[in-house]
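Let me begin by presenting the structure, written as structure tokens, before commenting on it.
The values are calculated or read from the model by the stated rules, or taken from the named source; none is laboratory data. All values derive from a computational prediction rather than experimental measurement. When we count neighbours, we look across all protein chains shown, and the Cβ atoms used for this are built from the backbone with ideal geometry, even at glycine.
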Amino acid sequence: MQKHTPMVKYHPDARFLTDYAAGCLPASQALCVATHLHYCPLCRLKIGELTELGAELFMQQQPVKVEKAALEKLLARIQASPQSPISPVQAEPSVSILPKAVNKLTSGNLERLNWRRIGSNFRVSRLNVGDKQRETSLFCIKAGGHVPHHQHKGDEITVILKGSFSDHEDKYEVGDFIVRTNGETHKPVASQDQDCLCLSTLDAPIVLSNWLLRFGLYLFNLGTPSHQTAA
Ligand SMILES: [Zn+2]
């Protein structure tokens with residue numbers, strides 16, 4: 001049977017891609033870009049080109065004389081530094097399995113995560129990716145269900161891992177990289193045929209319109225992340 005790469009419509013912009021290629025993105029945003037790359041051959045190609053360009057620019061630099069002691073000190077620091085939890089190496093595209101970066105964080109078993117239910121159709125599990133400035137989670141919307149109506153107070157990136165959802169603007173499918181900014185209000189609704197699983201990271205809490213759900217989210221925020229940073 002022929003494998004089909006999902007049709008990805010929404011991509012990270014040039015800033016995300018160049019910062020990712022340069023290794024400058026915060027861990028949670030790098031995780032979202034790496035997850036998108038798993039599904040998107042176009043952006044994998046762009047990352048390859050950016051990496052080549054970076055190497056070319058590096059080669060054009062005028063050589064500078066470095067003292068032997070300073071070079072040895074630098075090499076020792078590189079060897080001693082811990083590896084980044086998010087590797088910029090891209091996974092092979094596949095629609096049947098989750099991206100490697102997500103599998104690593106969840107130990108490949110989503111049901112073992114600590115899921116918190118918010119409303120009847122929505123559940124969230126926080127992930128610890130080692131980025132204290134942002135909250136990173138997996139969330140799941142039941143088939144035909146919706147995320148409670150909410151407003152963003154900061155930037156949010158969402159990448160769809162399974163299923164699809166729609167809001168007042170469009171329908172979003174597996175691999176789509178969706179950015180919401182401060183002040184935007186929306187109410188995503190999952191498609192009827194299957195549950196929708198997403199990865200998201202946000203740099204400020206969302207505000208729910210319904211006070212009962214707001215209380216639920218408050219309790220959720222008091223909880224501890226379900227998984228520790230992957231090695
Ligand atoms: Zn892309």
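Can you pull out the residues in the stretch 107-137 that are of a type in the set (S, T, N, Q) and outside any loop (DSSP other than H, G, I, E, B)?
Within the stretch 107-137, 125, 136, 137 meet the criteria.
Scanning the stretch 19-46 for residues that are without any contact (Cβ under 8 Å) to a residue 24 or more places away in the chain and more than 10 Å from the ligand (Cβ to nearest atom) gives 19, 24, 25. When residue 154 is tested against the conditions (1) at pLDDT below 85; (2) assigned to a helix (DSSP H, G or I); (3) not polar (S, T, N, Q), the lone failure is (2). For the stretch 171-191, a tally of residues being without any contact (Cβ under 8 Å) to a residue 60 or more places away in the chain and in a loop (DSSP other than H, G, I, E, B) returns 7. Scan the stretch 153-206 for residues that are more than 16 Å from the ligand (Cβ to nearest atom) and hydroxyl-bearing (Ser, Thr, Tyr) and jot them down. Within the stretch 153-206, 164, 166, 181, 185, 191, 200, 201 qualify. Within the stretch 82-93, the only residue that satisfies the criterion of being of a type in the set (Gly, Ala, Ser) and either within 14 Å of the ligand (Cβ to nearest atom) or at pLDDT 70 or above (or both) is 91.
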